[in-house]
Each structure stands twice: as C-alpha cells, then as structure tokens.
Amino acid sequence: MRKALLLLLAFTVLLASPFTGTQAQTAPPPDQLFRTVQSLDAQLFDAYNHCDLATLGSLVSGDLEFYHDKTGLAVGRQPFVDAIKNNICGKVTRELVSGTLEVYPIANFGAVEIGVHRFYHPGEPGNIGEAKFIILWRQQDGKWQVTRTISFDHRAAAK
C-alpha cells in the first residue's frame, strides 16, 4: 500500500508541475499524442469489453504493475489477463467518461493518460460504478504498451 501511495504521489507531483522539459525528438506533437493514446485506450478497453484476451495481453507489458484501490497490487501480464478472464469477462463493461481524457508526454518513454471511467454490470440494471485512472504508456520499438496503471476512487456513479 505504501508503494502505491508513493507512486500516486510521484504522478501527482509530475502532473502538477508544468511541462517544461524538451520532448524526445521522436515524440509526436501534442494533438497527435492525444489521438494516439485515445486510440490505444479504445483498443485496450474494446479488448476488455469483448474478452479478447490475446489483444488485451499484447497491449500490456510483461512487467505490468496494476494498482487498484479495492484489490491492491497485481504484478505481471498473466495475473492481469487472468483477473480479467475470471472477474470481468461477461460481468463488466467499461467506457471512458466523455471529456475526462487527459494525455501528457513523458520524454524518452511515452505518455501518461488520466481520466474517469464508468463500469456497467450487464444483468444488474442501475449497478454503475465510476473511478479515476492513470495509465502509463511506454512506446518502444514502435509499439505502445501499458506499464503501470492506477485505478482509484471507485464509487457508485452519480445518477
């Protein structure tokens, strides 16, 4: 838990500071980066929503760290994919809350994505949850993968 809080604090400090460093020469312009991460988010959660575990697994790094305020820390691609298979497939769908997506470059690494997502539970009308999230995307050899995720402040969605 202490490690999760320290990581969240580091992200908060990073995001609260204005971006003044120079971008890596290979970093796309801000609008293009936003569109890239927006597309990656759509791919990741389309796979999540449709239980496409092969695609989901290809979009996360082998050393993934997933911090969840209710279930704790999960480390590694396979435990993440197994958790989706056992706890999400056919039980939960996710959508990005419109207008909440923020994307910031991380020089010589990739990007950080921040937003709010909503979770629906088919077969349970009215059971809609919401949470904030931070996803750290790494671009390496032309491929983007999730390396760290924090999903927090889970609560019932406002009616």
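The values are calculated or read from the model by the stated rules, or taken from the named source; none is laboratory data. Since the structure is predicted, the reported quantities are computational estimates derived from the model, not experimental observations. Note: ideal-geometry Cβ built from the backbone for every residue, glycine included; neighbour counts use all protein chains shown.
Key figures for this structure:
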{"item": "Failed condition for Asp153, given (1) acidic (Asp, Glu); (2) at positive phi; (3) at pLDDT below 95", "result": "(3)"}
{"item": "Qualifying residue in segment 60-80 (condition: more than 27 Å from Pro29 (Cα to Cα), of a type in the set (A, V, I, L, M, F, W, C) and out of contact with any strand residue (DSSP E or B) (no Cβ under 6 Å at 6 or more places or on another chain))", "result": "no"}
{"item": "Tabulated pairs, segment 31-54, first under 11 Å from Ile84 (Cβ atoms), second in a helix (DSSP H, G or I) and among the aromatic types (Phe, Trp, Tyr), C-beta under 7 angstrom, 6+ apart or interchain", "result": "none"}
{"item": "Count - residues of segment 104-125 that are of a type outside the set (Asp, Glu), more than 19 Å from Ile150 (Cβ to Cβ) and outside any strand (DSSP E or B)", "result": "6"}
{"item": "Top-ranked residue of segment 119-152 - restricted to ones that are charged (D, E, K, R) and under 11 Å from the mean Cα position of the chain (by Cα), ranked as farthest from Thr100 (Cα to Cα)", "result": "Arg148"}
{"item": "Filter result (assigned to a strand (DSSP E or B) and either of a type in the set (Phe, Trp, Tyr) or closer than 18 Å to Val146 by Cα (or both)) within segment 77-103", "result": "Arg94, Glu95, Leu96, Glu102, Val103"}
